[in-house]
């Protein structure tokens, strides 16, 4: 009796959340799928026309889409790799015992707390081709032979943006990995020391294997974020083809070109890509982590 | 020799520590310094690392010439509204999912988890049309509702963890005393999840405060526009003149409250962030 009433109450309590999910995710998503089979503009100036898979066929041969996909992959692979290595290094530093570790932990929270748009603007100013501090110091210290237009040269703009993303998101990685490090029992290291294992051996034999679950989770989170990157790219270089990622191209198609049909097809492609990635990651790394 | 080597190691280690701190803090420091420098000092070929000479002109500009006060107010309303709504709905759902018998519990939890990984861009077109059809385009409510897409699943997911962590006996004692489940939630469970609510609310607020894509796409003009799109589109008197001083001043104004919050709630934020992720 009590249980039945509780079940009813539970439904009542979950219902508002489910309604919101349907409203802001389910319904818009259904719309996106639906319109991806039409030729339509987003303001419906002209009557929509059913075109079957035409949008998807166009997607397969659209050089702009291919370029955006390639940019997204480059951005994701390079930024996530750098963030993982750097995050691991910072986590190991904070995890070792020394005076002032609290200060370091506080310091790395600052990039995390700064809005992405703000961090993009801050770096845009620091990377300014004439007055940017990076160019001025770089030339003065002899690292750069002359001032460089980081955000104007097509071959440098994506690396520069990746550097900004790495600065902003490495702290998140470091904090997740630090939490993982703190779960490793201290006794293991003591036992290893007694057995004569040096720091390096301890790292490979104890730290890395036991950190794998945390590493996998952090990798999944960061990769998902990187695959849908929009803010840092759009603020620093707009719709520049050299950096335009899938999300940027998708918004440009939908909003700037008002192309609801093709834009929706791109949205579906992004969803599929992310879904594919989740499945592959869970299959390969996830199983390892669960072992 | 050995002691010498150890000292060298120690030195190297501290150099690394200094590097990490400078790397993390310097860009923000530079933004603060730049925001206090008059324009001619900003564009000096040999800029000072201190805000000398000192001026408040950029701050004056931001608030008087630009509509930045309005943008700040919008950000507060939208991020605050999304946070409060997410917490209210999230607490109810999380209590049911974490504490009550609820047959489709796992299905709902998976749905919530899937939504935390959901790319915002994939529903941009659908939401855009929905807001326009409902007359909510360029309104605070419209933006708040769209923000629930990422604040609500996150809130539910983390709060379920908090509710599950509370001991069974508390609830049973309340039931024995004749309390209904709803009374138990409000009188017993809610006060105990206080710290969890603060952390979750803070993280939801920060996420909404920093959001850019929806704010850029679902607003027109300054009536509803929040700070991120406003800062991104700050222009000068001419298209060729970028007001770096004002941009930095605006950046400092929106970031300082966040940095202060983060410094105060450091421990909790770190705990909440890692709880949200590690349980995923």
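Of A:36, B:251, A:145, B:233, how do they rank once you tally other Cβ atoms within 10 Å and put the fewest first?
The order, fewest Cβ neighbours first, is A:145, B:233, A:36, B:251.
For chain B, find the longest principal axis of its Cα atoms and tell me its angle to the long axis of helix B:105-116, 0 to 90°, nearest 10.
With both axes taken from Cα atoms, the answer is about 10 degrees.
What would the Debye equation give as log₁₀ I(q)/I(0) for region A:65-178 at q = 0.13, 0.17, 0.20 Å⁻¹, counting only Cα atoms as equal point scatterers?
-0.62, -0.96, -1.14
What relative contact order, as a whole-number percentage, does region B:67-278 give when Cα pairs under 8 Å and 6 or more residues apart are counted?
Reported as a whole number, the value is 34 percent.
Among B:10, B:99, what is the fewest-to-most ranking by other Cβ atoms within 10 Å?
Ordered by Cβ neighbours within 10 Å, fewest first: B:10, B:99.
Just to verify a number: FRET efficiency for residue B:40 and residue A:147, C-beta to C-beta distance, R0 = 22 Å, to 0.05?
Step by step, r from the Cβ atoms, then E = 0.70.
Need one number for chain A: average projected area of the convex hull over its C-alpha atoms, nm².
23.9 nm²
Per the Kirkwood formula on distinct C-alpha pairs, the Rh of region A:178-291 is how many angstrom?
Evaluated over region A:178-291, this radius sits at 17.3 Å.
If you project the alpha carbons of the protein assembly as shown onto their three principal axes, what span does each projection cover, largest first, in Å?
79, 77, 49
Please check: in the Gaussian network model of chain B (C-alpha springs, under 10 Å), which one of B:180, B:116, B:217 has the largest mean-square fluctuation.
Judging by the Gaussian network model, the answer is B:180.
Calculate for the protein assembly as shown the 222 nm mean residue ellipticity that helices alone would give, adding -39,500 (n - 2.57) per DSSP H run of length 4 or more and normalising by residue count, nearest 500 deg cm²/dmol.
Result for the protein assembly as shown, helices only: -22500 deg cm²/dmol.
Can you tell me the Rg and Dmax of chain B, counting just the alpha carbons, in angstroms?
Rg, Dmax (Cα atoms, Å): 23.8, 77.
Taking Cα atoms, how many degrees apart are the long axis of helix B:266-278 and the longest axis of chain B, rounded to 10 and kept between 0 and 90?
60 degrees
Take B:171, A:49, B:211 and order them by how many other Cβ atoms sit within 10 Å, fewest up front.
Starting with the residue having the fewest Cβ neighbours, the order is A:49, B:171, B:211.
When you have a sec, figure out the Kirkwood radius of region B:2-55 from all distinct Cα pair distances and drop it here in Å to one decimal?
Computed over region B:2-55, the radius equals 13.4 Å.
Roughly how tilted is helix B:68-99, in degrees to the nearest 10 and between 0 and 90, from the longest Cα axis of chain B?
Its long axis makes an angle of about 30 degrees.
Using Cα springs under 10 Å in a Gaussian network model of chain B, which residue among B:197, B:258, B:170 shows the largest mean-square fluctuation?
B:170
What number results when the radius of gyration of region A:68-107, computed over Cα atoms, is divided by 2.2 N^0.38 Å?
Normalised Rg, Cα atoms only: 1.65.
Bear in mind that the values in this text are calculations on the coordinates, not laboratory data. Note that the structure is predicted; figures quoted are calculated from it, not measured. Cβ sites come from the backbone with ideal geometry, for glycine too, and all protein chains shown count toward neighbours.
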